[in-house]
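Notes follow the structure.
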Amino acid sequence: MILQKANALKGEITVPGDKSISHRAVMLGALAEGITEITHFLGGADCLSTIRCFQNMGISIEKDPSGGRVVVSGRGLYGLKQPADALDVGNSGTTMRLMSGILCGQPFSATVTGDDSIKKRPMDRIITPLTRMGADIKSIGNNGCAPLSIKGRKGALHGIPYQSPVASAQVKSAVLLAGLYGDGPTSVTEPYVSRNHTELMLRMLGADIRNQGTTATILPEPRLRGAKITVPGDISSAAYFIAAGLIIPGSKILIKDVGINPTRDGILRVCRQMGAQIEIENIRNTDSEAVGDILVRHSELKGTKIDGSLIPTLIDELPVIAVMACFAKGKTVIKDAAELKVKESNRIDVMVRNLSLMGAKATATEDGMIIDGGKSLKGGIIDSKLDHRIAMSFAIAALAAEGETEILKAECIDISYPGFYWDLKGLIRS
Ligand code: S3P
């Protein structure tokens, strides 16, 4: 993908459905009884992997041609069937970790695998708590990574209190979903609160699940009932347009129907800290999730500090926040974000390397990065490392940089935002 410096971005946009919520709607719809009708489902490659895995376990899932409407015919907590082959999650960490939690409680065995990237990401973070619950789950290569072998056993799981060393919604959700099949309550306590979409959706479908401080607790064997679920726009996708609107002079963008769940809205808080002109309008609830329209205008930004409990609320937005920081006056310090190293790529290394290549002053640290902003960027050749969030972040950097930028393996954006480049082009004014 080749991009040039842009003059201004103007107009209105609706971003695709939230990736985290789309995954959960299919998985929980499969475990509920009856029909779950999902609208504004994200038709990105990751969520299609989730659909395929559950279809391979005997769940009927129908998609209309545009992909935005998906109908799941749920078969209840014990309605899944043993898959004929290994379940392939592709690039999707959410599918692998959440589905593994579910598989531990099933009366059959399964193998879970995926692409080269997912086979390098840590799975010991779910193997440890699930094993403690009595599950038989192993890394086949004995390296703490996928492929995983899960020998499900009905009635074998115990409810446990689990103290997670990381603030990770994927870990929390894997344990809570296994907790559906436990012999007593299961709770997960995290260092900081991570996104709570699993808890909100499970509660909506009929589970007894509570959040108190940094602890989520679920009671086993609920009767889940299918429901209509409207997926809000993904704030992680909106983040690219927020950043573009803020850093490109003359821009004004209205991003409609975006999920602004407080466990996900850290980018909005950081934008305000940086002095951004950003307004949230028309705030409302769809199902159990908060939604609003986000209006951004070009702003003079200043550097800021991002750390602690803020990190899990914007973890996927840090690459594009790092781009914003290059256009802010002064220093931006990102810390407590070592999790960035175990995403689809090592996002600390890849961001710092590519930003430096474009002329930014960026330094990697053990658990984040430091950016001295205020210098102009120049175009260059950027390797996305097949990481969708890296490709999209540098598309935004490219629009604000001098000259031309080429993004390699740019098509990896299909993971979370097919159509991203077209949507971006539609806002560029000459
Ligand atoms: C996700 C949780 C986050 C996030 C990922 C999606 C989820 O990962 O980075 O893109 O849907 O639960 P961690 O739970 O590993 O932090």
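Are any residues in the range 381-394 within 23 Å of the chain's Cα centre (by Cα) and surrounded by fewer than 24 Cβ atoms within 10 Å (Cβ to Cβ), and if so, which ones?
From the range 381-394, those within 23 Å of the chain's Cα centre (by Cα) are 382-394; that's our starting set.
Within the range 381-394, Asp383, Lys385, Leu386 qualify.
Quick one: is Ala156 away from the ligand (no atom under 16 Å from the Cβ), aliphatic (A, V, I, L, M) and at pLDDT below 95? Can you show your working first?
Working: away from the ligand (no atom under 16 Å from the Cβ): yes; aliphatic (A, V, I, L, M): yes; at pLDDT below 95: yes.
Taking the combined requirement at face value, the residue satisfies it.
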Fill in: Filter result for the condition that a residue is in contact (Cβ under 8 Å) with a residue 40 or more places away in the chain, of a type outside the set (Lys, Arg) and under 30 Å from Gly374 (Cα atoms), over Gly226, Gly259, Gly250, Gly233
Gly250
Practice prompt. Please tell me if Lys378 is surrounded by fewer than 24 Cβ atoms within 10 Å (Cβ to Cβ), at pLDDT 95 or above and more than 18 Å from Pro122 (Cα to Cα).
Written response: yes
Worksheet entry | Given (1) of a type in the set (Gly, Ala, Ser); (2) surrounded by fewer than 17 Cβ atoms within 10 Å (Cβ to Cβ); (3) within 15 Å of the ligand (Cβ to nearest atom), number of the condition Ser345 does not satisfy | (2)
Worksheet item: How many residues are surrounded by fewer than 16 Cβ atoms within 10 Å (Cβ to Cβ) and at pLDDT 95 or above when one looks only at the range 56-70?
Response: 4
Worksheet item: Taking into account only those residues within the range 353-370 that are in contact (Cβ under 8 Å) with a residue 24 or more places away in the chain and within 24 Å of the chain's Cα centre (by Cα), which is nearest to Ile248 (Cα to Cα)?
Response: Leu355
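So that you can scan it fast, the table gives a plain yes or no per residue for (1) outside the structural domain of Thr217 (by TED's automatic domain parsing); (2) touching a residue at least 60 places away in the same chain (Cβ under 8 Å); (3) farther than 22 Å from Glu339 by Cα:
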residue: Ile160; (1), (2), (3): no, no, yes
residue: Pro165; (1), (2), (3): no, no, no
residue: Val171; (1), (2), (3): no, yes, no
residue: Thr186; (1), (2), (3): no, no, yes
residue: Thr189; (1), (2), (3): no, no, no
residue: Leu205; (1), (2), (3): no, yes, yes
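Can you pull out every residue in the range 19-67 that is of a type in the set (Asp, Glu) and out of contact with any Gly (no Cβ under 6 Å at 6 or more places or on another chain)?
Here is the first cut: in the range 19-67, the residues of a type in the set (Asp, Glu) are 33, 37, 46, 62, 64.
Answer for the range 19-67, where residues must be of a type in the set (Asp, Glu) and out of contact with any Gly (no Cβ under 6 Å at 6 or more places or on another chain): Glu37, Asp46, Glu62, Asp64.
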Item to complete: Return a yes/no flag: does the range 230-251 have any residue that is within 22 Å of the chain's Cα centre (by Cα), away from the ligand (no atom under 16 Å from the Cβ) and of a type in the set (Ser, Thr, Tyr).
Response: yes
Worksheet entry | Wholly within the range 1-74, strands (runs of 3 or more DSSP E) carrying at least 2 residues that are within 16 Å of the ligand (Cβ to nearest atom) and touching a helix residue (DSSP H, G or I) at 6+ places or on another chain (Cβ under 9 Å) | none
Worksheet item: When Leu176 is evaluated against the numbered criteria (1) within 16 Å of the ligand (Cβ to nearest atom); (2) surrounded by fewer than 22 Cβ atoms within 10 Å (Cβ to Cβ), which criterion, by number, is the only one it fails?
Response: (2)
Response to the item:
Conditions (1) over 26 Å from Pro418 (Cα atoms); (2) surrounded by fewer than 20 Cβ atoms within 10 Å (Cβ to Cβ); (3) not hydrophobic (A, V, I, L, M, F, W, C) -> Thr304 fails only (2)
Worksheet item: Only one of Gly74, Gly68, Gly101, Gly93 is touching a Lys or Arg at 6+ places or on another chain (Cβ under 8 Å) and small (Gly, Ala, Ser); which?
Response: Gly93
Worksheet item: Val342 passes all but one of (1) under 22 Å from the mean Cα position of the chain (by Cα); (2) of a type in the set (Val, Ile, Thr); (3) over 17 Å from Ala364 (Cα atoms); which number fails?
Response: (3)
Worksheet entry | Only listed residue being buried (at least 17 other Cβ atoms within 10 Å of the Cβ) and among the hydrophobic types (A, V, I, L, M, F, W, C), chosen from Ile371, Ile283 | Ile371
Worksheet, complete the sentence: Log entry, pairs with first residue in the range 84-107 being under 22 Å from Ser345 (Cβ atoms), second being assigned to a helix (DSSP H, G or I) and among the acidic types (Asp, Glu), beta carbons closer than 8 Å, six or more apart or on different chains, reads Gly90/Asp46; Asn91/Asp46; Ser92/Asp46; Thr94/Asp46; Thr95/Asp46
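Give the number of residues within the range 192-217 that are of a type outside the set (Gly, Ala, Ser) and within 16 Å of the ligand (Cβ to nearest atom). Explain how you work it out, then say what you get.
Filtering the range 192-217 down to residues of a type outside the set (Gly, Ala, Ser) leaves 192-193, 195-205, 208-212, 214-215, 217.
Imposing the further condition that a residue be within 16 Å of the ligand (Cβ to nearest atom) reduces the set to 192-193, 195-202, 209, 211, 214.
Qualifying residue count, the range 192-217: 13.
The values are calculated or read from the model by the stated rules, or taken from the named source; none is laboratory data. This structure is a prediction, so every number in the text was calculated from the model and none was measured. Reconstructed Cβ throughout: ideal geometry from the backbone, glycine too, with neighbour counts over all protein chains shown.
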